[in-house]
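The values are calculated or read from the model by the stated rules, or taken from the named source; none is laboratory data. It should be emphasised that the depicted structure is a prediction, and the values quoted were computed from it without experimental measurement. Glycine also receives a Cβ, built like all others from the backbone with ideal geometry; neighbour counts cover every protein chain displayed. When the accessible area is computed, the model is the full protein with side chains, heavy atoms only, and any ligands, DNA or RNA have been set aside. Shrake-Rupley method; radii C 1.70, N 1.55, O 1.52, S 1.80 Å.
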Amino acid sequence: MADPSSYRPRPGQIPDSPGVYKFRDEHRRVIYVGKAKNLRQRLANYFQDLAGLHPRTRTMVTTAASVEWTVVSTEVEALQLEYSWIKEFDPRFNVKYRDDKSYPYLAVTLNEEFPRVQVMRGAKKKGVRYFGPYGHAWAIRETVDLMLRVFPVRTCSAGVFKNAERTGRPCLLGYIGKCSAPCVGRVTPEEHRDLAEEFCDFMAGRTGTYIRRLEKDMMLAAEEMEYERAARLRDDAGALKRAMEKSAVVLADATDADLIAVAEDELEAAVQIFHVRGGRVRGQRGWVTDKVEAVDTAGLVEHALQQLYGEETGDSVPKEVLVPALPEDPEAVSQWLAGRRGSQVSLRIPQRGDKKDLMITVQRNAQQALGLHKTKRASDLTTRSRALEEIAEALGLDTAPLRVECFDISHLQGDDVVASMVVFEDGLARKSEYRRFQIKGFEGQDDVRSMHEVIGRRFKRYLHEKERTGEWEETPAPTGPVPAPADPAAPAPVDPAGPVPAPPEPAPGGPVPGAAAPDTGPGEEPREDDGRPKRFAYPPQLVVVDGGQPQVAAAKRALDELGIDDIAVCGLAKRLEEVWLPDDDDPVVLPRSSEGLYLLQRIRDEAHRFAITYQRAKRAKRIRSSPLDDVPGLGETRKQALIKHFGSVKKLRQATIEEVCEVPGIGRRTAESVAAAFAAAAPAAPAVNTATGEIIEDDDGGSRT
């Protein structure tokens with residue numbers, strides 16, 4: 001615990017202008033980001049008597065080891081920079097709203113020649129028009145099914161569309177009139193785009209025009225005694241009205257607004273948002289967060305606005321935002337929102353009428369969401385706490401293992417040997433810190449040696465981080481090869497090369513911490529610490545390996561060789577789900593109903609899933625490999641250009657250097673590299689089908705195994 005006075009800046013050093021400040025801990029990681037109209041006044045509040053600080057603020061300033069700031073010109077710039085830094089550094093003491101799920105949107109792909117209507121989740125794409133979010137995907141599909149009678153826009157995938165183009169026959173929707181069938185030329189691209197834009201207009205709230213037009217056409221058809229057409233128009237108008245009834249009018253005058261409500265207690269807060277477009281509720285979403293910083297309702301509202309609109313532009317930001325409490329600087333927030341929208345945005349508290357009544361409804365939803373979350377979390381917290389306590393008791397640990405890392409080895413008959421590392425904190429998976437490894441120290445199948453290598457490489461990186469940050473003053477353990485013991489199952493020398501970092505798995509809502517800064521290999525100069533969480537800076541209290549006594553012994557030996565004696569090790573064997581400890585001849589058998597055993601099984605199974613996924617991906621990549629992959633400087637675009645020009649890899653292999661140079665974007669040096677790659681990869685003899693005697697031609701360039 002640090003004394004804030006040890007890093008308090010002198011009063012004259014802090015400017016009295018607007019800016020954004022960062023608190024860093026002893027490892028130079030950013031733990032809190034804030035903004036202020038006056039940096040000098042705001043930072044002075046953190047360095048008063050600790051007894052007068054809020055408990056959460058007291059924890060933050062005693063965890064921090066330094067503070068720094070950046071001066072900006074306006075409060076709007078401060079707001080934007082604060083949001084950017086929170087997204088970049090993921091500070092542990094900042095409130096961060098995270099969706100508990102990925103909300104579905106109704107999307108119209110206006111960036112395609114033939115726009116498609118579909119359900120989309122995840123990050124928004126350029127050129128796509130979005131409506132929502134909706135609570136359930138089925139609600140979108142029901143609405144679309146009704147509207148396709150009037151706006152028969154394409155809804156099929158690219159594969160179905162191309163197949164219909166090839167065969168000249170539309171899909172079922174084309175036959176029953178719910179698709180205009182642009183795939184077979186029933187409408188031109190311009191006519192189909194007009195249909196898609198009319199669909200968007202209707203979804204945006206301009207509904208009356210289309211219904212009145214249908215009713216007028218229906219009356220004209222009836223007067224001309226075209227009763228079948230009149231009946232069809234009547235049904236079309238009815239379908240549009242039913243689609244409108246699914247989102248009843250809640251605000252008059254075709255209001256476009258977002259209503260935000262907050263329900264909170266001392267520890268947590270729930271936020272609910274209703275998206276109203278054209279006076280109708282078009283979507284709803286919500287978050288629940290821990291109050292890790294001392295923040296009031298106004299602060300929660302400001303964080304929610306940053307989360308909602310930080311990545312949005314244009315009409316995605318409504319003309320009016322209704323909130324339960326105004327942020328500390330409402331004018332700056334309004335200007336920031338106006339900059340995102342491109343026109344003025346009204347930020348206010350509803351005082352009376354329909355808007356206040358609707359805000360009460362949103363507030364009620366927020367309270368129910370918080371109550372439901374607390375009920376679920378109370379049960380979940382109790383279960384996880386009991387599981388960690390049972391593990392600590394069974395393994396003889398002094399405290400519950402709050403951070404557990406599990407390692408697993410995966411291969412296919414000795415080929416493509418890989419390993420995985422998964423991380424669980426407080427009994428929950430922390431996927432941003434998953435890592436994967438390629439076994440480099442030897443060839444072939446040996447799970448024991450592989451486990452020794454992986455554990456050694458992981459914890460060498462941990463010692464490197466400790467030494468680099470100054471936490472570790474002693475002479476580090478030798479990093480050279482370890483002499484192999486006489487035991488035939490002994491590990492090979494540990495390869496000093498670092499592990500292959502796993503790509504971040506998805507997570508809704510922003511960049512993945514820990515995946516930004518690349519590793520530094522042996523002999524490389526480590527880069528200046530930038531405050532982002534490092535890959536191997538945090539040691540676990542418990543290492544779990546997938547396997548029995550040999551794997552556990554290998555893991556413990558790797559830690560001993562590095563001089564690490566404060567990390568517990570155990571293994572979970574699949575055969576009888578028994579737990580093995582180092583130097584014990586008998587396993588620890590947990591009851592089948594034990595929550596601790598359930599947690600260990602979940603961790604082990606997740607490590608196995610992650611390892612086998614990586615191993616299958618490597619094997620698939622090897623099978624699909626081509627000589628072109630080894631040509632330096634030849635990217636995917638120019639590979640495709642070569643294949644398209646010659647028609648196949650076989651014809652490209654037979655082409656001369658001059659013929660390769662004729663491909664746009666391919667110079668002579670690249671053409672020579674392509675020819676050299678094919679010459680090096682040329683088979684000694686053609687492949688032969690032993691059943692028929694036929695020579696097998698390889699037209700796709702893929703190697704077969």
With the requirement that a residue be in contact with a Lys or Arg (Cβ under 7 Å, 6 or more places away or on another chain) and either of a type in the set (D, E, K, R) or buried (at least 24 other Cβ atoms within 10 Å of the Cβ) (or both), what does region 555-568 give you?
none
Can you find a residue that is modelled with pLDDT of 80 or more, exposed (fewer than 15 other Cβ atoms within 10 Å of the Cβ) and either out of contact with any helix residue (DSSP H, G or I) (no Cβ under 9 Å at 6 or more places or on another chain) or in a strand (DSSP E or B) (or both) anywhere in region 100-116?
yes
For Tyr46, are the conditions met, namely being surrounded by 18 or more Cβ atoms within 10 Å (Cβ to Cβ) and farther than 30 Å from Lys374 by Cβ?
yes
How do the strands (runs of 3 or more DSSP E) wholly within region 236-291 filter down when requiring 2 or more residues that are open to solvent by 40 Å² or more (accessible area, probe 1.4 Å) and at pLDDT 70 or above: which remain?
280-290
List every residue pair whose Cβ atoms lie under 6 Å apart, where the two residues are 6 or more positions apart in sequence or sit on different chains, the first residue falls within region 634-660 and is of a type in the set (S, T, N, Q), and the second residue, located anywhere, is open to solvent by less than 60 Å² (accessible area, probe 1.4 Å).
none
Suppose the filter is farther than 30 Å from Tyr434 by Cα, among the basic types (Lys, Arg) and either part of a loop (DSSP other than H, G, I, E, B) or modelled with pLDDT of 75 or more (or both); does Arg704 pass it?
yes
Test result for Val71, β-branched (Val, Ile, Thr), modelled with pLDDT of 85 or more, within 25 Å of Asp201 (Cβ to Cβ) and touching a strand residue (DSSP E or B) at 6+ places or on another chain (Cβ under 8 Å)
no
Return the residues of region 402-438 that are open to solvent by 10 Å² or more (accessible area, probe 1.4 Å), aliphatic (A, V, I, L, M) and under 24 Å from the mean Cα position of the chain (by Cα); say none if nothing qualifies.
Leu402, Leu428, Ala429
For Ala325, all conditions in the list (1) open to solvent by less than 50 Å² (accessible area, probe 1.4 Å); (2) closer than 30 Å to Leu81 by Cβ; (3) in a helix (DSSP H, G or I) hold save one; what is the number of the exception?
(3)
Set Cys200, Cys183: member being within 25 Å of Pro104 (Cβ to Cβ) and either part of a helix (DSSP H, G or I) or not β-branched (Val, Ile, Thr) (or both)
Cys200
With the requirement that a residue be within 23 Å of Arg282 (Cα to Cα) and among the small types (Gly, Ala, Ser), what does region 176-233 give you?
Ala196, Ala204, Gly205, Gly208
Residue by residue through region 585-594, note down the ones that are open to solvent by less than 60 Å² (accessible area, probe 1.4 Å) and either among the charged types (D, E, K, R) or assigned to a loop (DSSP other than H, G, I, E, B) (or both).
Pro587, Leu590, Ser594
Hits in region 162-176 (condition: free of Cβ contacts under 8 Å to residues at least 24 places away in the same chain, assigned to a helix (DSSP H, G or I) and either surrounded by 14 or more Cβ atoms within 10 Å (Cβ to Cβ) or not hydrophobic (A, V, I, L, M, F, W, C) (or both)):
Lys162, Asn163, Ala164, Glu165, Arg166, Thr167, Gly174, Tyr175
Residues that are under 21 Å from Ile567 (Cβ atoms) and either hydroxyl-bearing (Ser, Thr, Tyr) or not in a helix (DSSP H, G or I) (or both), drawn from region 433-460:
Tyr434, Arg435, Arg436, Phe437, Ser450
